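Each remark here refers to the structure printed beneath this line.
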Amino acid sequence: MTGERKIGIFDSGVGGLSVLRQLTGLLPEHSIIYLADQAHVPYGPRTLEEVQAFSFEITRWLLMQHCGEIIVACNTASAAALHKLRKAYPNIPFVGMEPAVKPAAEQTHTGVVGVIATPATFQGELYASVVERFASGVTVLEDTCPGLVEQIEAGNLEGDETRRILEKALFPMLEKGIDTIVMGCTHFPFVIPLIQQITGPNVRVIDPAPAVARQAVRVLPETLQQPQGDRSIRLYSTGETTGLENLARTSIKETFSVHTIRWNADNHLPLS
Ligand code: DGL
């Protein structure tokens, strides 16, 4: 194992699979470790400080597993910790999520765009800075879709409750003329088919995951340029693994293994 280099990726739960499914095709030979912090999902209603502490501990654990690049496949964790993680580990490339307000502002014809993301993401400086830099002259409507992350965690991608939550968020945006909607949470791309049913085909949905996966390939460090050993995709959950396994089975088109890892009483992940 020593010297082996992998790609680490984490989220509060299943959402980061929307990034992982893009990455597996782009990097068919690298070994990947995915951690879903399902003991703490949802991150969205938590404080940025708390999410930052989880993100640091998960990063420490991924580095112990010989990860040479880390993808923060969670907008909330990116808002809370990305900047500080880069500072703390200057030799590790971190790839994070940034609400895709820039392409939305560039592509809108009506001048009205919607963003759906968690409360913590909207509170972070990262979001404020992308709106300030890229959305001048554009009306940006926001909604946190309360309960949607939980429905997606439960595998409920098209049921009545999921539809109700989305309609409540999207109908007022449609009335105000949105023609573009940004997935500001990595869980939400899994309900794009339902979103498009509600909005109709004339509203453009922006999922940043393909661009993030491409960025992860662009910034691969030298140690990861030549993948070593057999490819493995290992998924870890700090909670109940069923939802992770089920969604991975439909979204990851190759063999993977699923494991459990538990937070200690002192808020650390064991170094296995
Ligand atoms: N998937 C996450 C995000 O992109 C977090 C959702 C949550 O745990 O609230 O923001």
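The values are calculated or read from the model by the stated rules, or taken from the named source; none is laboratory data. Note that this is a predicted model, so its numbers are computed, not measured. Cβ sites come from the backbone with ideal geometry, for glycine too, and all protein chains shown count toward neighbours. The area values use the complete protein model at the heavy-atom level, side chains included, leaving out ligands, DNA and RNA. Shrake-Rupley method; radii C 1.70, N 1.55, O 1.52, S 1.80 Å.
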*asked:* So, in region 21-48, exactly how many residues are of a type outside the set (D, E, K, R), within 15 Å of Gly68 (Cα to Cα) and away from the ligand (no atom under 15 Å from the Cβ)?
replied: 5
_Some residue of region 51-67 being away from the ligand (no atom under 12 Å from the Cβ), farther than 22 Å from Asn264 by Cα and open to solvent by less than 10 Å² (accessible area, probe 1.4 Å)_ = no
*asked:* Given the criteria more than 16 Å from the ligand (Cβ to nearest atom), within 29 Å of Ile9 (Cα to Cα) and modelled with pLDDT of 95 or more, does Ala79 qualify?
replied: no
_Considering only residues that are in contact (Cβ under 8 Å) with a residue 40 or more places away in the chain, under 15 Å from Leu35 (Cβ atoms) and of a type outside the set (A, V, I, L, M), which ones fall in region 242-266?_
Gly243, Arg262, Trp263
_Looking only at region 39-69, filter to residues that are among the aromatic types (Phe, Trp, Tyr) and in a helix (DSSP H, G or I); which one of those is nearest to Pro227 (Cα to Cα)?_
Trp61
*Please state which of the following conditions Thr186 fails to meet, knowing it meets all the rest: (1) of a type in the set (Ser, Thr, Tyr); (2) over 14 Å from Ser18 (Cβ atoms); (3) touching a Cys at 6+ places or on another chain (Cβ under 9 Å).*
(2)
*Residue that is surrounded by the fewest Cβ atoms within 10 Å (Cβ to Cβ) [pool: residues in region 30-44 that are over 17 Å from Ala248 (Cβ atoms) and under 16 Å from the mean Cα position of the chain (by Cα)]*: His40
*If Met64 passes every condition in (1) under 25 Å from Ala154 (Cα atoms); (2) in contact with a Leu (Cβ under 6 Å, 6 or more places away or on another chain) but one, which one does it miss?*
(1)
*Hey, could you check region 103-122 for residues that are among the hydrophobic types (A, V, I, L, M, F, W, C) and either in a helix (DSSP H, G or I) or without any contact (Cβ under 8 Å) to a residue 12 or more places away in the chain (or both) and say which is nearest to the ligand (Cβ to nearest atom)?*
Ala120
*asked:* Pairs please, first residue from region 49-60 and aromatic (Phe, Trp, Tyr), second anywhere and modelled with pLDDT of 95 or more, Cβ atoms under 6 Å, 6+ apart in sequence or on different chains.
replied: Phe54/Asp37; Phe54/His40
*Filtering region 113-163 down to residues that are within 20 Å of Ala80 (Cβ to Cβ) and among the aromatic types (Phe, Trp, Tyr), which residue is most open to solvent (accessible area, probe 1.4 Å)?*
Phe122
*From Thr76, Thr24, Thr47, residue being buried (at least 23 other Cβ atoms within 10 Å of the Cβ) and polar (S, T, N, Q)*: Thr76
*Of these, Arg218, Arg214, Arg204, which one is free of Cβ contacts under 8 Å to residues at least 60 places away in the same chain, closer than 30 Å to Val115 by Cβ and among the basic types (Lys, Arg)?*
Arg218
*Only residues that are in a helix (DSSP H, G or I), touching a residue at least 24 places away in the same chain (Cβ under 8 Å) and under 18 Å from the mean Cα position of the chain (by Cα): list them for region 85-102, please.*
Leu85, Val101, Lys102
*Of the residues that sit in region 1-20 and are in a loop (DSSP other than H, G, I, E, B) and modelled with pLDDT of 95 or more, which one is farthest from the ligand (Cβ to nearest atom)?*
Val14
_Where Arg262 falls short, out of the listed (1) in contact with a strand residue (DSSP E or B) (Cβ under 9 Å, 6 or more places away or on another chain); (2) open to solvent by 80 Å² or more (accessible area, probe 1.4 Å); (3) not aliphatic (A, V, I, L, M)_ = (1)
